[in-house]
Structures are given as C-alpha cells and as structure tokens.
Amino acid sequence: MQLAAHELHDLNELTMSCVNSITSMAYMLDHVQDPEFKSILEKHFAYHVRDYNMKVEFLNAAQGAKEELPRFQIDGNLSDYTQSNIQQYPPLEPRTSVQDMDDREMVTAYLLTLKRAGREYAWAAMEAANPEVRGFLETAFMMSSAHAYEVWQFMVKKGYYPLEKADAAMASKIGSMYRIVPEDQPRVSGLASRYRVTVQGNSQSMYQQ
C-alpha cells in the first residue's frame, strides 16, 4: 500500500509497540497465577496478534490489510463506578531486583501498555491521510480502550487501582458553571436535520455502538 511518509513512520512505531505488547503478553500467559487475569489475557491475545499482522500488511502488501478488527464494546461489571469497595489498598513498592514478575506487576504493566497504545493510535488516526489506515487506527484505539477498561475494572476489584468519589461540593461548584444548550433552537435543530445528526437516545445507545 502506498503510504504518506508520516503514516509510514507512525505504523513503524505502532508495529514495534505491538512486538513489545505481544512478547509481554506471552510472558504473562506463562507466569500469571490469578485465573481471572489469565482469562483476560487469553481473550485479548489473538486480537493483538491480528492487530500486529494488519500493520505488517499495511507496511508490506500492495492491497493493505486482508482482514479487519471487530468493533469493540465496553463492558462494565463494577457495582460502583465512583468508589472502590476495598477498605485499605494493598501497599506497593517498586522492586529493584526482579527474577519473575508477580500478578500485580504484570497487570499494571499490561494496563499501562494498553493506555499508551491507545493514545498512540488516537494521535496517529488524527494524522492519517489514507481512509483505510485511518479507519484501522480508529478501531485499534477502540480495542485498546475496551481492553484497558476490562483490565482496569479487574484492578479496581483487587484494590490495585484506587477509585474514590469526587468531592460533592467541588463537583457541584464546577458543574454549576455550565448551562445546557437548547437543541430545539432553529439553528441547532435545522442543521441536525439537514445533516442527519443523531442526537436522540440515552448514553447507553450513544456509547455502545
């Protein structure tokens, strides 16, 4: 596939990042102890391989990638999305000598890998000129986001990631600064109708595409 120079460099960086991700995940699959975390890794692994192969195809094949990544949905499974049910977070200190990583170290590394990859995909997508490459990068961002969200929820349940409610007074003070724009005013409703902008529905229908 003919690429613009910046697309070539972005794909190179993202492909190298995938080499790191897949290698790290392979290590984790062979060393993880927690069955839930292992199940998450097993579920994600093949998608990361397909993601890597698609980038290799974009870099090498005249027709680009032969397959696609699926569209990913976020799946919430916490009972409370504002506060952890852990009364005391387990203490953490970086080790300066490591033979084998423990589960907490591995899941932390995996989450941060997904977050970094997601930011890189989003940035590269905003710059991509080729619509096929741009669409792939957008889907890869959604994959990273969905996978990171699943891992984050696991960490919250284990007490590995702090989750606390925002101060109510602060939230009220900041929220009260903003006012709703009426969407039935002529300019908004007229342009929405002309360009078929979908603004109906609740947050579930908007975000769970």
Can you name every residue in segment 79-112 that is β-branched (Val, Ile, Thr) and either exposed (fewer than 11 other Cβ atoms within 10 Å of the Cβ) or assigned to a helix (DSSP H, G or I) (or both)?
82, 96, 98, 107, 108
Among the numbered conditions (1) within 16 Å of the chain's Cα centre (by Cα); (2) polar (S, T, N, Q); (3) more than 27 Å from residue 45 (Cα to Cα), tell me where residue 145 comes up short.
(3)
Of the residues 77, 53, which is polar (S, T, N, Q), out of contact with any His (no Cβ under 6 Å at 6 or more places or on another chain), modelled with pLDDT under 95 and over 30 Å from residue 129 (Cβ atoms)?
77
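In segment 43-66, which residue that is basic (Lys, Arg) and under 18 Å from the mean Cα position of the chain (by Cα) is surrounded by the fewest Cβ atoms within 10 Å (Cβ to Cβ)?
Per the criteria, the residue is 43.
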Count of segment 143-194 residues which are under 30 Å from residue 107 (Cβ atoms) and not in a helix (DSSP H, G or I)
9
State all residues of segment 124-137 that are part of a helix (DSSP H, G or I) and crowded, with 18+ Cβ neighbours inside 10 Å; if no residue qualifies, say none.
124, 125, 133, 136, 137
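Among the residues that make up segment 22-33, is at least one of them assigned to a loop (DSSP other than H, G, I, E, B) and farther than 25 Å from residue 4 by Cβ? Break it down stepwise before answering.
Initial filter on segment 22-33 (assigned to a loop (DSSP other than H, G, I, E, B)): 32-33.
Those left that are additionally farther than 25 Å from residue 4 by Cβ: 32-33.
Taking every residue of segment 22-33 in turn, at least one turns out to be assigned to a loop (DSSP other than H, G, I, E, B) and farther than 25 Å from residue 4 by Cβ.
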Those residues of segment 1-15 that are under 17 Å from residue 119 (Cβ atoms), acidic (Asp, Glu) and surrounded by 17 or more Cβ atoms within 10 Å (Cβ to Cβ) come to a total of 1
For segment 68-78, does any single residue satisfy the condition of being of a type outside the set (D, E, K, R), surrounded by 17 or more Cβ atoms within 10 Å (Cβ to Cβ), touching a Ser or Thr at 6+ places or on another chain (Cβ under 9 Å) and within 16 Å of residue 113 (Cα to Cα)?
no
Can you go through 181, 188, 156 and tell me which one is surrounded by 17 or more Cβ atoms within 10 Å (Cβ to Cβ) and either over 23 Å from residue 22 (Cβ atoms) or touching a helix residue (DSSP H, G or I) at 6+ places or on another chain (Cβ under 7 Å) (or both)?
156
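The values are calculated or read from the model by the stated rules, or taken from the named source; none is laboratory data. These numbers were taken from a predicted model, which means no experiment stands behind them. Because the Cβ atoms are built from the backbone with ideal geometry, glycine has one as well, and the counts that use them run over all protein chains shown.
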